[in-house]
Amino acid sequence: MSENRFIDDAINRSAETPEDRARLSSMVAEAAGGAPTATTEEGPSDASILNFALNLEYLEAEFYLRGATGQGLPDDLVGGTGKPGQVSGGRQVDFRSPVIKNIARELAMDERAHVAFLRNALGDAAAARPRISLDHSFTAAATAAGLIKPGEIFDAYANDRNFLFAAFLFEDVGVTAFKGAAPFISNKTYLDAAAGLLATEAYHAGVVRATLFAEGLADESVFDAVHKISAVRNAVSGPADDDQDLGTKHEANLVPTDEYGRAFGRSAAEILNIVYLDSHAGSSGGFYPDGLNGDIVQGTGPTAG
C-alpha cells in the first residue's frame with residue numbers, strides 16, 4: 001500500500017462526516033508541505049512526537065531489513081533534517097528455521113513501510129536517519145544482561161536465536177513507546193495513524209514472544225535469557241518495575257499487561273534510556289551513538305552540553 005493510500009484510509013476511518021473528511025484532508029495537505037504543528041499545553045508538538053517515532057522506526061527497519069535481506073533502507077528513505085548518520089553492523093542471517101525466516105522478512109517490510117509513512121506525514125520536517133549501531137550496542141546489551149562475559153562479542157545476526165533475542169529487546173519497547181506518546185497527539189488523523197502503528201508493533205511483539213516461547217519449550221535456557229534481557233530494560237528505563245519476561249514453560253506470559261489486561265506505556269525519556277542502554281546516558285549512547293535527530297532526544301541522564 002502506498003503512503004498516500006495509507007493516509008487516505010486513515011482519514012476515511014477517522015472522519016465521521018463528509019465535512020470531517022474534507023477538513024482532515026486539508027490538514028494533511030498542509031502538513032505534506034511542512035509538518036504537523038498541532039501542540040498541547042502538556043506535551044510536545046505532533047511533529048516532535050512523529051519524528052521521535054521515526055527515529056525508533058529507523059532502528060527497527062535497519063535491524064530487520066539487514067537480517068532478512070542483507071540490505072538496509074534505500075537512500076531515498078534516510079535523508080532529512082538534523083545530522084545524518086551511517087549504520088554499523090548488520091548482515092543477512094542464515095536462517096535455519098523457515099518460520100523465523102518468514103517472520104523476519106514480514107517484520108522487515110512492515111518497518112520499512114512505517115519509515116516511509118512517517119516521512120511522508122512529516123514532509124520536509126522529517127528527521128534524517130541518525131547514526132545507528134547494530135554491532136557494539138548488542139554486545140553492550142548482552143554483556144549487561146549477563147548473556148556473554150565481558151570481552152566477548154554478541155552477534156545478533158549469527159543465528160536464528162540470537163536474532164530473536166535482539167528482536168525481543170526492541171519489540172516491547174516499540175509498543176510502550178507508542179502507548180506512552182498517544183495522549184500527547186492532538187491531531188485526530190495522526191492519532192489514528194499512531195494507533196495503527198501501535199497495533200502493528202503489538203502484533204510484532206506478540207509474534208516474537210510466541211516464537212521465543214516455542215524455542216523455550218525445547219530449550220529452557222531461552223526463558224533465562226529472555227528474563228535477563230527484560231531485567232536490563234527494566235533497570236535502565238526508570239523506577240517503574242513493569243517490564244515482563246515470558247514466564248516459564250509451565251506458566252506462559254506471552255502478553256505483558258497490567259492488572260487490568262492493558263499494555264503499559266513508557267515516557268520518551270524512559271524509551272531513550274533503553275535505546276541508549278544507560279539510565280544516565282543523557283542524550284546519546286547505545287544504539288544511537290550520536291543521539292537521535294529531532295526535539296525529543298534527552299533521557300533521564302545529565303543534559304548534554
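The values are calculated or read from the model by the stated rules, or taken from the named source; none is laboratory data. Computed from a prediction, not measured in an experiment: that's the story for all the values here. Quick reminder, even Gly has a Cβ in these numbers, built from the backbone with ideal geometry, and neighbours come from all protein chains shown. When the accessible area is computed, the model is the full protein with side chains, heavy atoms only, and any ligands, DNA or RNA have been set aside. Shrake-Rupley method; radii C 1.70, N 1.55, O 1.52, S 1.80 Å.
In table form, for the structure just shown:
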{"item": "Among residues of segment 202-236, those that are closer than 16 Å to A263 by Cβ and either of a type in the set (K, R) or touching a Ser or Thr at 6+ places or on another chain (Cβ under 9 Å) (or both), counted", "result": "2"}
{"item": "Among the residues listed as A194, A210, the single one being of a type in the set (G, A, S) and either at pLDDT below 95 or closer than 26 Å to L118 by Cα (or both)", "result": "A194"}
{"item": "Of all residues in segment 67-99 being touching a Leu at 6+ places or on another chain (Cβ under 7 Å) and not in a loop (DSSP other than H, G, I, E, B), the one that is surrounded by the most Cβ atoms within 10 Å (Cβ to Cβ)", "result": "V87"}
{"item": "Segment 121-134, residues that are in a helix (DSSP H, G or I) and within 18 Å of the chain's Cα centre (by Cα)", "result": "A121, L122"}
{"item": "Subset of segment 241-269 (residues that are closer than 26 Å to G294 by Cα and open to solvent by less than 40 Å² (accessible area, probe 1.4 Å))", "result": "F264, G265, R266, A268, A269"}
{"item": "Positions within segment 67-120 being farther than 26 Å from D290 by Cβ and basic (K, R), in sequence order", "result": "R96, K101, R105"}
{"item": "Of all residues in segment 195-217 being over 27 Å from L50 (Cβ atoms) and aliphatic (A, V, I, L, M), the one that is least open to solvent (accessible area, probe 1.4 Å)", "result": "L212"}
{"item": "Scan of segment 73-113 for residues that are under 18 Å from the mean Cα position of the chain (by Cα) and among the hydrophobic types (A, V, I, L, M, F, W, C), ordered by number", "result": "L73, L77, V78, V87, I103, A104, L107, A108, M109, A113"}
{"item": "So E3, is it open to solvent by 50 Å² or more (accessible area, probe 1.4 Å), more than 23 Å from the chain's Cα centre (by Cα), at pLDDT below 95 and not hydroxyl-bearing (S, T, Y)", "result": "no"}
{"item": "Residue pairs meeting the criteria (Cβ under 6 Å; at least 6 apart or on separate chains; first under 16 Å from S48 (Cα atoms), in segment 258-271; second open to solvent by 50 Å² or more (accessible area, probe 1.4 Å))", "result": "A269/T300"}
{"item": "Meets criteria (at pLDDT 90 or above and in a helix (DSSP H, G or I)) for Y203", "result": "yes"}
{"item": "Single match in A235, A141, A177 (criterion: touching a residue at least 24 places away in the same chain (Cβ under 8 Å) and open to solvent by 30 Å² or more (accessible area, probe 1.4 Å))", "result": "A235"}
{"item": "Within segment 213-237, considering residues that are small (G, A, S) and within 18 Å of the chain's Cα centre (by Cα), the one modelled with the highest pLDDT", "result": "S230"}
{"item": "Hits in segment 61-71 (condition: under 14 Å from Y157 (Cα atoms) and under 18 Å from the mean Cα position of the chain (by Cα))", "result": "E62, F63, Y64, L65, R66, G67, A68"}
{"item": "D295 under 18 Å from the mean Cα position of the chain (by Cα) and surrounded by fewer than 17 Cβ atoms within 10 Å (Cβ to Cβ)", "result": "yes"}
{"item": "All positions within segment 157-200 that are assigned to a helix (DSSP H, G or I) and among the hydroxyl-bearing types (S, T, Y)", "result": "T176, T189, Y190, T200"}
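Conditions tested, residue by residue: (1) assigned to a loop (DSSP other than H, G, I, E, B); (2) aromatic (F, W, Y); (3) closer than 19 Å to A202 by Cβ.
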| residue | (1), (2), (3) |
| --- | --- |
| A231 | no, no, no |
| H250 | yes, no, no |
| F264 | yes, yes, yes |
| L272 | no, no, no |
